[in-house]
Amino acid sequence: MSDRRPEQSKYTLDRGIPGAFEGETITRRRLMVFAANATAGVAIGGVVLAATGFAAGQPFVEVDTGWHDVGPLDEIPDDTYLPRVITLDPRTGQVGKSTIYVRRRNEAVDTEKPDKWNQIIAISSRCMHMGCPARYVQAAKNFVCPCHGGVYDFRGEVAAGPPVRPLDRFYTRVVDGRVQVGKRFSVNSQIERFSPRPPGQPLDGIGQYLYPSRPTQRKIPGT
């Protein structure tokens, strides 16, 4: 006697499945399972594609436009910020301009070690959640991003909302009594400097290793 099982018909009607139709080769359950799996695959693929596109879409080279004059030193306060507009990329017209906020170093609030690059504090207005523009609100002494409720304190550190790290900063210097703003850099919660990172990338703990630094900034000829 053979142990081989008889070959089962591919037709659902021959297999005695209730509600089967003549010529049908797939059960409704299998069809629904297949459809559900296909739908889930499309959804997951969409998320992965979007995430990949976001990551790949970040610029590989930071444009270095040199030093920007933002005014005389004696006009810069230490208890509030002055807004200034600088050009981050002259090739893109108005899109390449950005608002920054400038003040003098204040020993009462600036606890990081002083050096020649931080006598003037220059903070980016780009929110570190999704890159929306944040603005300084004098009445609250906070930076506020209206897009998703991000709030930063006077030092630019995260006070509330979804941002993953403090606002970026810029190197600064004073030449002949005038304040100049240079390259942008990112900071963690200890205001330690890192090469510029895109919004959404934390720099505390393991975050600084998960998100590698960007290539060196490229200088535009003539700047």
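In this rough spin-label picture, where each label sits 7 Å from Cα along the Cβ direction, the Val174-Arg105 distance is 1.0 nm. List the residues of the range 154-184 whose backbone N lies under 18 Å from a point placed 7 Å from the Cα of Gln138 along the Cα-to-Cβ direction. Under cut-off, by backbone N: 154-155.
Based on the mean of other Cβ atoms within 10 Å per residue, sort peptides 138-148, 177-187, 203-213 so the most packed one is first. It would help to have the intermediate numbers written out before the result.
On the way: 138-148: 14.7, 177-187: 18.8, 203-213: 12.9.
With the highest mean Cβ count within 10 Å placed first, the list reads 177-187, 138-148, 203-213.
Rounded to the nearest 0.05, what FRET efficiency do Val95 and Leu210 have when you use their Cβ-Cβ distance and R0 = 25 Å? The partial results should precede the final answer.
Numbers: r = 29 Å, r/R0 = 1.17.
With R0 = 25 Å, the Cβ-Cβ based efficiency is 0.30.
Counting 0.36 nm for each residue step from Ser195 to Thr80 and taking away their Cα separation leaves a gain of 38.8 nm. Neighbours of Gly156 by Cβ distance under 9 Å: Lys/Arg scored +1, Asp/Glu scored -1, total -1. 3J(HN,Hα) couplings calculated from phi for the range 204-213 with the Karplus curve 6.51 cos²θ - 1.76 cosθ + 1.60 (θ = phi - 60°) are, in sequence order, 8, x, 5, x, 5, 9, 6, 10, x, 5 Hz; Gly and Pro show x. Highest mean packing first, where packing is the average number of other Cβ atoms within 10 Å per residue, the peptides 66-75, 153-162 line up as 153-162, 66-75.
Values in this text are rule-based calculations from the coordinates and carry no lab data. Remember, predicted model here, so these are calculated numbers, not experimental data. All Cβ positions, glycine included, derive from the backbone under ideal geometry; neighbour counts span all protein chains shown.
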